[in-house]
Amino acid sequence: MSDSILDILAEAMMERHGFKVVALDMSETPLTMEAFLIVSAMNRIQARAISDHVERTARANAFRKHHIEGYDEGSWILIDFVDLVVHIFLPQTREYYNLEMLWSDVPRIQFDDEEESPENGTSIP
């Protein structure tokens with residue numbers, strides 16, 4: 001998996017004020033994808049906005065989606081790009097499923113959020 005597509009999609013997530021963006025390297029696991037890209041959104045509307053922007057950005061970079069799940073409900077949106085699976089979570093859903101802990105033994109990239117997480121009580125200007 002090219003780090004550049006991860007960087008591009010992580011930037012797209014943060015452009016829509018996604019936070020706690022992390023990539024998990026799944027290439028050495030028995031799963032079929034090379035990476036997970038995980039982000040949190042404060043509400044369902046923001047989660048859908050992140051999803052839409054990620055999809056447009058991926059398409060503009062010749063990265064096509066295979067399918068999407070959870071868009072209508074919005075607490076966990078999964079976008080399957082075959083080699084890359086994007087997970088967009090509401091904070092409580094992300095905490096409940098805790099993919100980072102489940103896959104704690106895989107290498108990861110923590111992307112720096114330009115803004116503080118709204119979960120920490122700081123506001124986004």
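Summary table
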quantity	calculated
Option label - mean projected area of the Cα convex hull in nm² computed here, alternatives (1) 7.9; (2) 11.8; (3) 7.3	(3)
Net dipole in debye of the chain [+1 Lys, Arg Cβ; -1 Asp, Glu Cβ; about Cα centre; nearest 20]	440
Sorted by Cβ neighbour density within 10 Å, fewest at the top, the residues M42, M13, M101	M101, M42, M13
Under Karplus coefficients 6.51, -1.76 and 1.60, residue-wise ³J(HN,Hα) of the stretch 99-112 in Hz, glycine/proline x	4, 4, 6, 4, 10, 5, 8, 9, x, 9, 10, 9, 7, 6
Relative contact order (percent, whole number), the chain, Cα cutoff 8 Å, 6+ residue spacing	29
Cα centroid separation - the stretch 52-81 against the stretch 11-51, whole Å	10
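Taken together, the values in this text are just the output of simple stated rules run on the coordinates, not laboratory data. What you see is a predicted model; the values in this text were computed from it and never measured. Positions of Cβ are backbone-derived with ideal geometry, glycine not excepted, and every protein chain shown enters the neighbour counts.
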